[in-house]
Amino acid sequence: MGRRPKTLGIIGGIAPPSTIDYYRQLTSLYRERSADDTWPSLLINSVDGVSFLSLVSAPDRAPLIEFLVDEVERLSRAGVDLALFASNTPHVVFDEVAARAPMRLLSIVDAVADEAQARGFQTLGLLGASITVEAGFYPTVFARRGLSIITPDVDDRQLVDDRYFGELVRGSFRRQTREEISLVADRLAARGAEAVVLGGTELPLLFRDSDLPRLPTLDATAIHVARAVEQLLLD
């Protein structure tokens, strides 16, 4: 009998539409790249997004860290070999959680920064929920590679945040919202952004199969999935 394939653990549920999208992309890309047309071994730990977001909004990060460490350890007890968060927001405490995780955690921010560097971009606009845009973890990680991040102004951050939690996490993807957020991306381009990071895992769902926004985009979900599949297929 051959060696057991690696199992990827997914912390999902923070927004169900993107958790479903991760599963679809992971199974599709793994099957495309595997030599024997097999399916990946995956375990999804779907947490309560409302409880998670209440912890994110609290000034003390310690309960958030404990919550995420507990959920990662639950995956470890189930036998996963590596894991990821199917969301950008948990990366506000990624380093703290990764330091205590019993397995390797794959960072969406590191994966996107590597892709931006590989594609030759120097200045990236960032779109996402306000916690992602304001927390500073994207600029910190990108700066390690000599890259810079431009974030939307206050009004544009509020617009994106309103649409994100009022529509996208609920599975509503409207043409008008695509146009509005594309205009936010245009304003980032006017300030020097060469490309825009879709730094919320629901944003690629909004723009998928669309020609908007009008500058190059980095689909954080797709990039993260590609990194995970690469690691699963490593000997």
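The values are calculated or read from the model by the stated rules, or taken from the named source; none is laboratory data. All values derive from a computational prediction rather than experimental measurement. No Cβ is skipped: glycine too gets one built from the backbone with ideal geometry, and neighbour counts run over all protein chains shown.
Give the number of residues within region 57-89 that are out of contact with any helix residue (DSSP H, G or I) (no Cβ under 6 Å at 6 or more places or on another chain), in a helix (DSSP H, G or I) and closer than 19 Å to Ala15 by Cβ. Residues that pass the stated criteria total 3. Scanning region 18-38 for residues that are in contact with a helix residue (DSSP H, G or I) (Cβ under 6 Å, 6 or more places away or on another chain) and among the aromatic types (Phe, Trp, Tyr) yields a single hit, Tyr30. The condition of being surrounded by 14 or more Cβ atoms within 10 Å (Cβ to Cβ), among the acidic types (Asp, Glu) and more than 28 Å from Arg77 (Cβ to Cβ) holds for only one of Asp110, Asp155, Asp114, that being Asp114.
Taking the numbered list (1) closer than 12 Å to Leu127 by Cβ; (2) modelled with pLDDT of 95 or more; (3) surrounded by fewer than 21 Cβ atoms within 10 Å (Cβ to Cβ) in turn, Pro204 passes all entries but (2). If the condition is being more than 23 Å from Ile20 (Cα to Cα), surrounded by fewer than 20 Cβ atoms within 10 Å (Cβ to Cβ) and among the hydrophobic types (A, V, I, L, M, F, W, C), then region 66-102 contributes Ala98, Ala99, Ala101. Taking region 49-65 as the range and being under 16 Å from Thr19 (Cα atoms) and free of Cβ contacts under 8 Å to residues at least 24 places away in the same chain as the test, only Val50 passes.
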